[in-house]
Each structure stands twice: as structure tokens, then as C-alpha cells.
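What follows is a single structure, written as C-alpha cells, with notes after it.
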Amino acid sequence: MYSVCAFLVLTLLSAASAQGCTCPTMKWANCDSPSCACTLLIADNTLQNINCSKLIPKCFLMKAEMYRASKGHSTRRLGKPTEHAFVDNDGIYDPECDSNGVFKARQCNHTETCWCVNSAGVRRTDKGDLNLKCDKLVQTTWVQAQLTINPVQTPVDPVALKAAMTQTIQNRYFLDPSYVDNVQYSKDDNIIIVDLKNTKGDPNVDIATVAYYMEKDVKVLPLFMSNSSLTTTVNGTPLGFRNILVYYVDAEPPTFTMKKLTAGIIAVIVVVVLAIIAGLVVL
């Protein structure tokens, strides 16, 4: 009788452990008991092991998002307003990652068109074919996030704002405060500018992933299990965010050329040239 009771207790404890096993930094993860090992589905029958004690690498997140979109699982706050509505997905593709979640220098998105990316997975060269060479993965050392805040009645104190945003970024994204280089407030534009810098290129500090989590927090849906929104409080005044624009600066300049102009730019150039010729003829 005692052994039966003990078995029932162990079964209940195991079930409780399984129910409480979650991944706080990735709500799409699946976690098994009793080890609480967590994985992320990034392709058909492909599970990626992840460490839920920190942010999940951006490369894995992008693969998971693309896979979910291909299966019709929404990754956005609201559905389509109409059948023919669409969103700008130019910055999203199915990337190639190494075992640590680092972007491979050359990306092709399963096509014969390839390009080179930085450590944030952002294209930094013209597109080419399968013969394109990307000698190395150039590090993104500076990320600037421009956050549009909701209107506030109380003036925002710049010193208190920097302290509050730095603390928020540390608590929410596990980023050491020393990498928050600067925080500014533009009253006229109602924008907070946050500069994240990793000038030494420390491979253990991923400011690009922090920026990706911030983008999801503001633009789409939070990736955290809690599903809470990004907010901060300055001198008792809560600040909410309604838009974000992220800029990337690499250790080396990008190598875009003028070889592939868009049709619109070509049309503008043609019009300007014709106007100049017409002016010369009149003279």
C-alpha cells in the first residue's frame, strides 16, 4: 500500500514538473520533462535545442518564424484585415545558421540568388548567384533603435530616462548595461533613441538579437512566454511604445554598388537627363 501511494505521489510531482516546465524567452518552444530540455521547431521534423536562460539567437528565431508562417501559424498581433492585405516581409527570410545560431556569411534562401550578410543577418552586398563569395561574417558593432513613444503629459527627464531604459533593457533582454552606449529623447519627434554598441566585437554579446526581440515587442507580438509588452517607467510616468526603427552599423562598410538600380530610380535619372538636354536645346 505504501509503495502504491509513493508511486502516485511521484507521478503527481512529475506531472506538476512537466506542466511548470516552460521556456521564458521563447513562447513557441517545446519543453520535455523531467530534464526540462527545450527545443524550437525550425523546419519539418527539425528541432533545434535552445537555452531558455537567455535570448534565443536571431538566426533561429527567423527560421522558426518563417516555418510557422509557411504552416499558416500567425506570428502577428492581428490577422489580415482583408483577404488581399499583405505585410512587408523584405527583411525576413529562411536563413542558414551554424550550430550556435550564428548566421552564415552567405545566404541564398533556398534559391540560386545569394547575398552576404552581417552578424545581424542583414544584407550588406549586392545580390549575386551561387558563385558569390562571402569571405567572412562581418560583425555588427552598433545597433540604434528609434522608439516612438505614446504621447505623455509630463516632460521626460533625459537623465532619468537613460537610467530607466538601461535598467529595462538589462532586466528584459539580459544585456549588460555597459553595452547601452547612449539614450536620447527627441521631444519634437516623440522618439527615444537607444544606442547599443559592442565595439570590441565580443562574440558572447549579441546586440542584434536584443534589437530583434525589441522589434517583436513593439511591432508584432512579444516572443517571451509572459507575452508582456515592452514598457518603462520614468519618475513614476509609464512609457509605452508604438513603433520602432532599427539601424545597423558594421565593423566594415557595406559593399552595395549602383549596378542594380530600381526601375523608379532609372526613370528619375532618364527624366532629369532629358530635361537637361531640352534645356540645352532651348538655349
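The values are calculated or read from the model by the stated rules, or taken from the named source; none is laboratory data. Source: prediction; values computed, not measured. Cβ coordinates were reconstructed from backbone atoms using ideal geometry, including for glycine residues, and neighbour counts include every protein chain displayed. Keep in mind that these areas ignore ligands, DNA and RNA; they rest on the heavy atoms of the full protein, side chains included. Shrake-Rupley method; radii C 1.70, N 1.55, O 1.52, S 1.80 Å.
Looking only at residues in segment 117-134 that are assigned to a strand (DSSP E or B) and without any contact (Cβ under 8 Å) to a residue 40 or more places away in the chain, which one is farthest from the chain's Cα centre (by Cα)? First the steps, then the outcome.
First, the residues of segment 117-134 that are assigned to a strand (DSSP E or B): 117-118, 123, 125, 128.
Retained after the next criterion (residues that are without any contact (Cβ under 8 Å) to a residue 40 or more places away in the chain): 117, 123, 128.
Details: VAL117: 14, ARG123: 14, GLY128: 25 Å.
Among those that are assigned to a strand (DSSP E or B) and without any contact (Cβ under 8 Å) to a residue 40 or more places away in the chain, it is GLY128.
One residue is enough: does segment 112-132 have a residue meeting the conditions among the charged types (D, E, K, R), closer than 25 Å to ASP202 by Cα and modelled with pLDDT of 95 or more? Lay out the reasoning, then the answer.
We begin by selecting, within segment 112-132, every residue among the charged types (D, E, K, R); these are 112, 123-124, 126-127, 129.
Pick out the ones that are also closer than 25 Å to ASP202 by Cα and you get 123-124.
Filter again for modelled with pLDDT of 95 or more, leaving none.
There is no residue in segment 112-132 that is among the charged types (D, E, K, R), closer than 25 Å to ASP202 by Cα and modelled with pLDDT of 95 or more.
Condition check ((1) open to solvent by less than 80 Å² (accessible area, probe 1.4 Å); (2) of a type in the set (S, T, N, Q); (3) at pLDDT below 90) across all residues:
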| site | (1), (2), (3) |
| --- | --- |
| ALA208 | yes, no, no |
| LYS216 | yes, no, no |
| MET225 | yes, no, no |
| PRO238 | no, no, no |
| PHE241 | yes, no, no |
| VAL249 | yes, no, no |
| LYS259 | no, no, yes |
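Report yes if LEU175 is open to solvent by less than 30 Å² (accessible area, probe 1.4 Å) and assigned to a helix (DSSP H, G or I), otherwise no.
It is false that LEU175 is open to solvent by less than 30 Å² (accessible area, probe 1.4 Å) and assigned to a helix (DSSP H, G or I).
Limited to segment 179-206, what total is found for residues that are open to solvent by 50 Å² or more (accessible area, probe 1.4 Å) and in contact with a Ser or Thr (Cβ under 9 Å, 6 or more places away or on another chain)?
Within segment 179-206, residues that are open to solvent by 50 Å² or more (accessible area, probe 1.4 Å) and in contact with a Ser or Thr (Cβ under 9 Å, 6 or more places away or on another chain) number 7.
Tell me, please, whether a residue that is closer than 21 Å to CYS23 by Cβ, basic (Lys, Arg) and modelled with pLDDT under 90 can be found in segment 73-92.
So in segment 73-92, the residues closer than 21 Å to CYS23 by Cβ come out as 73-77.
In the following step, the residues that additionally are basic (Lys, Arg) were identified as 76-77.
Retained after the next criterion (residues that are modelled with pLDDT under 90): 76-77.
Yes, segment 73-92 contains a residue that is closer than 21 Å to CYS23 by Cβ, basic (Lys, Arg) and modelled with pLDDT under 90.
Return yes when ASP195 is under 19 Å from the mean Cα position of the chain (by Cα) and not small (Gly, Ala, Ser) and no when it is not. Before you say what the answer is, go through the steps one by one.
Details: under 19 Å from the mean Cα position of the chain (by Cα): yes; not small (Gly, Ala, Ser): yes.
The answer is yes for ASP195.
Out of segment 39-53, which residues are surrounded by 13 or more Cβ atoms within 10 Å (Cβ to Cβ) and within 22 Å of ASN171 (Cα to Cα)?
Of everything in segment 39-53, those that are surrounded by 13 or more Cβ atoms within 10 Å (Cβ to Cβ) and within 22 Å of ASN171 (Cα to Cα) turn out to be ILE50, ASN51, CYS52.
So which of THR199, THR209, THR233 is in contact (Cβ under 8 Å) with a residue 40 or more places away in the chain and part of a helix (DSSP H, G or I)? Quick ask: steps written out before the conclusion?
Values: THR199 fails: part of a helix (DSSP H, G or I); THR233 fails: part of a helix (DSSP H, G or I).
Residue meeting the stated conditions: THR209.
Can you name the residue in segment 135-171 that is touching a Phe, Trp or Tyr at 6+ places or on another chain (Cβ under 8 Å) and free of Cβ contacts under 8 Å to residues at least 60 places away in the same chain and, of all such residues, is surrounded by the fewest Cβ atoms within 10 Å (Cβ to Cβ)?
In this case the residue turns out to be PRO158.
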